[in-house]
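Worksheet: the structure to be examined is printed underneath.
The values are calculated or read from the model by the stated rules, or taken from the named source; none is laboratory data. Just so it is clear, the model here is predicted, and its values are computed rather than measured. Neighbour counts run over all protein chains shown; Cβ positions are idealised from the backbone, glycine included.
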Amino acid sequence: MGLYAAPFPDKQVVQPVITEDSKSCSRMGFNHPELVKMLCPVKYLVDYLEDPAKTNKKIQSGSLKVTATLWPTYLYPGDKPGQDFDPDDIIEGLFWGYLLE
């Protein structure tokens, strides 16, 4: 997980490192400081970039809903999740994220 979630796994894996021996899921998904960037719906991307901690807290509390109809940032191209997302054209670049290569 820690290798394929990183944009340049030969240079750096996600931090904190996720290994096959990671027993606990408590630091995965929205609880992981790098994976949360990938899972954040693009609808909330601007808010997330302005204040990641506040936006993640709202997501985890349920005040910002995460549903199957909200595309996660990892589906879009860019070395950083959602980097090349165009809010005026949400289809542009969809499914071009590096995790889908």
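Of the residues making up segment 52-79, just one is in contact (Cβ under 8 Å) with a residue 24 or more places away in the chain, loosely packed, with under 14 Cβ neighbours inside 10 Å and over 16 Å from F30 (Cα atoms), namely D79.
Test of understanding: among P87, P52, which residue is closer than 21 Å to V14 by Cα and of a type outside the set (D, E)?
P52
Counting only residues that are polar (S, T, N, Q) and surrounded by fewer than 14 Cβ atoms within 10 Å (Cβ to Cβ), which one in segment 15-51 is modelled with the highest pLDDT?
We begin by selecting, within segment 15-51, every residue polar (S, T, N, Q); these are 15, 19, 22, 24, 26, 31.
Going one step further and asking which of them are surrounded by fewer than 14 Cβ atoms within 10 Å (Cβ to Cβ), we end up with 15, 19, 24, 26, 31.
Details: Q15: 72, T19: 67, S24: 68, S26: 69, N31: 82.
That would be N31.
Of the residues that make up segment 5-14, is at least one at pLDDT below 85, touching a Gly at 6+ places or on another chain (Cβ under 6 Å) and over 18 Å from L100 (Cβ atoms)? Spell out how you get there, then give the answer.
Going residue by residue through segment 5-14, those that are at pLDDT below 85 are 5-14.
In the following step, the residues that additionally are touching a Gly at 6+ places or on another chain (Cβ under 6 Å) were identified as 13-14.
Next, from what is left, pick out any that are over 18 Å from L100 (Cβ atoms): 13.
Among the residues of segment 5-14, at least one is at pLDDT below 85, touching a Gly at 6+ places or on another chain (Cβ under 6 Å) and over 18 Å from L100 (Cβ atoms), which makes the answer yes.
The residue of segment 84-101 that is farthest from E34 (Cα to Cα), among those that are at pLDDT below 90 and surrounded by 16 or more Cβ atoms within 10 Å (Cβ to Cβ), is F85.
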